[in-house]
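Enquirer: Dropping a structure here in structure tokens format, bear with me for questions.
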Amino acid sequence: MQRWTLGEDDVRNQESLAQAAEMLRVGKLVAFPTETVYGLGANALDEAAVQRIFAAKGRPADNPLIVHIADQRQLADLLPAGYEPSHVEKKLMDAFWPGPLTLLFPVGQQVAHSVHPGRDTVGIRMPDHPVAQSLIRLCGVPIAAPSANTSGRPSPTTAAAVEEDLADALDGLVDGGHCGIGVESTVLLVDDQRAIILRPGGVTQEMIANVLDLPVVYDANVTDANAPALAPGMKYRHYAPNASVHVWWGDPEDVHRAMLELLIDDEVPSARPLPKASIIAPDDFLSRYEFPIARELQRPLPHETYEDALAKNLYQLLREFDHEGATDILIHGVNPGRGLGTAVMNRLQKAAEGRVFRV
Ligand code: TXA
Ligand code: MG
């Protein structure tokens, strides 16, 4: 595997990116950073290359891939001949591209079939990351890229996490540092009547509602539980570490009390933590859990809320706790009805297999 490391300043290191782009163009697999998570890329017009993505990840064959472009003109490579984006689609692209919004379009014949198994739509997004954009421009073809993890593992937000899962399967890896947002893009199905969020992500329901004069709803609320999932990826157990994850959200003091109740065994006079519990909590609460492996979130930047810091660090922390052999991971959650909290709590629901409690 070839590995290129790009610092903030050499994002325009065209030499490395040109090599990576050439690999993609000729059908190889190259992982690269986006503003959400790292992607495992292949030429979206090359069926053999796309099939290698499924083999590398151990991905179920019925789970479609998102295609990444750097310029709206590339839509012509992906949509049926003569298809003109609708007024609503144009509005969304203008408002949120580049950015973490994946839109489903009717798919053109040129797109490799494995990108959209059994479906007549293709998910497309334009990543807001200089490395991803340069790479796509340089290779000149649209890039199919799922998150660059083994299926079922937390998505990678660093190049090291990509290597941990996929080193043997990759031809190339572009290391562009830590991803900014940390949870995946919003997947949106839209027509003239309404917009349906199939996967909550970096672009929130409020942001979409502000731009459209249409109802913006959640798939979970409109689809019968027994109906086939509109976004197949959402039905799999996902984002799961080996440890048991427990999440509480609500008033932070109440969350703190609920966590202590689980941690402290009343039967034993000397309070005893779970054998190997790890904690994710806001900075000002961490010091109140008195055992050694409570771990601080990467210290939030001054303008960053706990919610943003949680989104950005969650996957990486889950991986680290697994390495440390944690048996239980206790997490101060956030309000799932607001902003990025919806995406974070959606991922936590899966990681916690339902152990999410409102206090
Ligand atoms: O932020 C992201 O979206 C990242 C970066 C790399 O761009 N990619 C990503 O891809 O998360 P992946 O494959 O891990 O998740 C794609 C999700 C899955 O839930 C999949 O089922 C859904 O999008 N999806 C893709 N194409 C679809 C389609 N045509 N119809 C319905 N769902 C689709
Ligand atoms: Mg994924």
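Enquirer: If you take the residues of the range 95-109 that are assigned to a loop (DSSP other than H, G, I, E, B) and not small (G, A, S), which of them is nearest to ligand 2 (Cβ to nearest atom)?
Expert: Of everything passing the filter in the range 95-109, P100 is nearest to ligand 2 (Cβ to nearest atom).
Enquirer: How many residues does the range 307-337 contain that are of a type outside the set (G, A, S), surrounded by fewer than 21 Cβ atoms within 10 Å (Cβ to Cβ) and over 18 Å from the mean Cα position of the chain (by Cα)?
Expert: The qualifying residues number 6.
Enquirer: I've got another one for you. What residue, of L135, L104, is touching a helix residue (DSSP H, G or I) at 6+ places or on another chain (Cβ under 9 Å) and in contact (Cβ under 8 Å) with a residue 40 or more places away in the chain?
Expert: Sole residue among the options that is touching a helix residue (DSSP H, G or I) at 6+ places or on another chain (Cβ under 9 Å) and in contact (Cβ under 8 Å) with a residue 40 or more places away in the chain: L135.
Enquirer: Would you check if there is a residue in the range 57-65 being of a type in the set (D, E), in contact (Cβ under 8 Å) with a residue 24 or more places away in the chain, farther than 16 Å from A21 by Cα and more than 13 Å from ligand 2 (Cβ to nearest atom)? Don't jump to the end; show me each part of the working.
Expert: Taking the range 57-65 and keeping what is of a type in the set (D, E), we get 62.
If we keep only those that are in contact (Cβ under 8 Å) with a residue 24 or more places away in the chain as well, we get 62.
Filter once more, so that each one left must be farther than 16 Å from A21 by Cα: 62.
Now drop any that are not more than 13 Å from ligand 2 (Cβ to nearest atom), which leaves 62.
Checked against the condition, which is being of a type in the set (D, E), in contact (Cβ under 8 Å) with a residue 24 or more places away in the chain, farther than 16 Å from A21 by Cα and more than 13 Å from ligand 2 (Cβ to nearest atom), the range 57-65 yields at least one hit.
Enquirer: Under 6 Å between Cβ atoms, which residue pairs at least 6 apart in sequence (or on different chains) link something in the range 176-190 that is on the phi > 0 side of the Ramachandran plot and touching a residue at least 40 places away in the same chain (Cβ under 8 Å) with a partner that is within 14 Å of ligand 2 (Cβ to nearest atom) and in a loop (DSSP other than H, G, I, E, B)?
Expert: G182/T157
Enquirer: Ok, one more. Residue under question is T36, and the condition is that it be within 16 Å of ligand 2 (Cβ to nearest atom), in contact (Cβ under 8 Å) with a residue 24 or more places away in the chain, closer than 27 Å to A195 by Cα and not in a loop (DSSP other than H, G, I, E, B); does it hold?
Expert: no
Enquirer: Just to check your reading of the model, which residue among V211, V190 is at pLDDT 95 or above, more than 11 Å from ligand 1 (Cβ to nearest atom) and in contact with an Asp or Glu (Cβ under 8 Å, 6 or more places away or on another chain)?
Expert: Details: V211 fails: in contact with an Asp or Glu (Cβ under 8 Å, 6 or more places away or on another chain).
Answer to the check: V190.
Enquirer: Then there's this: Could you list, in sequence order, all residues of the range 53-73 that are in contact with a helix residue (DSSP H, G or I) (Cβ under 8 Å, 6 or more places away or on another chain), more than 9 Å from ligand 1 (Cβ to nearest atom), outside any loop (DSSP other than H, G, I, E, B) and of a type outside the set (A, V, I, L, M)?
Expert: F54, Q72
Enquirer: Here's another thing I want to ask about it. Only one of A132, A112 is modelled with pLDDT of 95 or more, of a type outside the set (V, I, T) and closer than 25 Å to H303 by Cβ; which?
Expert: Every option except A132 fails the conditions.
Enquirer: Out of the helices (runs of 4 or more DSSP H) lying entirely within the range 111-224, which hold 2 or more residues that are surrounded by 21 or more Cβ atoms within 10 Å (Cβ to Cβ)?
Expert: Qualifying helices (runs of 4 or more DSSP H): 130-139, 159-166.
Enquirer: Restricting to the range 145-173, name every residue that is hydrophobic (A, V, I, L, M, F, W, C), closer than 16 Å to I53 by Cβ and more than 9 Å from ligand 1 (Cβ to nearest atom).
Expert: Within the range 145-173, V162, L166, A167, A169, L170, L173 qualify.
The values are calculated or read from the model by the stated rules, or taken from the named source; none is laboratory data. Since the structure is predicted, the reported quantities are computational estimates derived from the model, not experimental observations. Please note: Cβ atoms are built from the backbone with ideal geometry, for glycine as well, and neighbour counts cover all protein chains shown.
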